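A.B. asks: Have a look at the structure that comes next, please.
None of the figures in this text is laboratory data; all of them are computed from the coordinates on show. From a predicted model like this one, the values you see are computed outputs, not experimental measurements. For neighbour counting, all protein chains shown are included, and Cβ atoms are generated from backbone atoms with ideal geometry for every residue, glycine included.
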Amino acid sequence: MHRKGLENGNYMKTLYILRHAKSSWEFDDLSDHDRPLNKRGRHDAPLMGQELAARGAVPQLIISSPAVRALSTATLVSRELDYDPDDIVVDTRVYGADRKDLLEVVQQTPAEVDALLLVGHNEALSEFANMVSPGPVDSLPTAGVVALQFNCESWFEISRENATLLFYDFPKNHK
């Protein structure tokens with residue numbers, strides 16, 4: 001049986017964990033959920049999409065928080081990855097999530113998806129990355145991304161025991 005993601009006889013799942021880009025605090029009347037990206041965020045999100053593309057990232061599924069700043073980040077990144085922004089799955093559980101909530105979201109990803117991009121918020125994203133990474137990961141700055149590969153067939157099986165850290169990247173590395 002041949003499946004995408006099969007390497008050396010082992011099944012692989014690749015997870016990209018992306019913190020939303022820099023948001024604006026300019027509008028006092030907006031709720032936290034509705035804050036947009038600021039100028040830097042609108043620059044950094046596509047930049048990180050380009051960096052992901054340069055690294056060969058091809059997510060088959062993008063899941064985003066419904067918050068404006070996260071969904072805007074997911075949309076800008078998706079365009080750089082030739083991923084249709086209309087296919088982004090908005091999951092309300094990602095906004096306000098803790099690391100266990102994020103694990104549940106990822107574990108419920110269909111097994112046929114071998115590469116997933118999750119877009120959300122700190123501190124939960126950094127805590128989640130540290131929960132499933134084989135080693136410590138620094139707190140994600142805005143538009144920062146952690147890429148992990150898991151030697152498993154199902155998303156339900158991801159753990160630090162079967163994980164490899166592929167890279168940790170953020171916009172200041174490219175300025």
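A.B. asks: How much length, in nm to one decimal, is gained on full extension between Glu161 and Ala111, taken as 0.36 nm per residue of separation minus their Cα-Cα distance?
C.D. replies: Answer, rounded to one decimal: 16.1 nm.
A.B. asks: Okay, moving on. Stokes-Einstein at 25 °C, 0.890 mPa s, Kirkwood radius from Cα pairs: D for the chain in µm² s⁻¹?
C.D. replies: Result for D is 153 µm²/s.
A.B. asks: Based on the alpha-carbon gyration tensor of the stretch 98-162 and its eigenvalue square roots a ≥ b ≥ c, which shape applies: rounded if a/c is under 1.5, prolate if not and a/b is larger than b/c, or oblate?
C.D. replies: It comes out prolate by the Cα gyration axes.
A.B. asks: Gap in Å between the Cα centre of the stretch 26-87 and the Cα centre of the stretch 100-170?
C.D. replies: A separation of 17 Å, based on Cα centres.
A.B. asks: What does the charge add up to near Asp34, with Lys and Arg as +1, Asp and Glu as -1, over the other residues with Cβ less than 15 Å from its Cβ? Walk me through the numbers before you get to the answer.
C.D. replies: Working: positive: Arg35, Arg69; negative: Glu26, Asp28, Asp29, Asp32.
Combined, the nearby Lys, Arg, Asp and Glu give -2.
A.B. asks: At most 16 other Cβ atoms within 10 Å plus a DSSP loop assignment makes a site exposed; report the longest stretch of the chain without any exposed GluC sites (Glu not before Pro).
C.D. replies: 27-111
A.B. asks: Can you pull the one-decimal nm distance between simple spin-label points at Asp98 and Glu123, each 7 Å off the Cα toward Cβ?
C.D. replies: Going from the Asp98 label point to the Glu123 one covers 1.1 nm.
A.B. asks: For helix 39-54, what angle does its Cα long axis make with the longest principal axis of the chain, in degrees from 0 to 90 and rounded to 10?
C.D. replies: 20
A.B. asks: Please give me the summed charge of the neighbours of Ser126: other residues whose Cβ is under 13 Å from its Cβ, Lys and Arg +1, Asp and Glu -1.
C.D. replies: Result for the local shell: -2.
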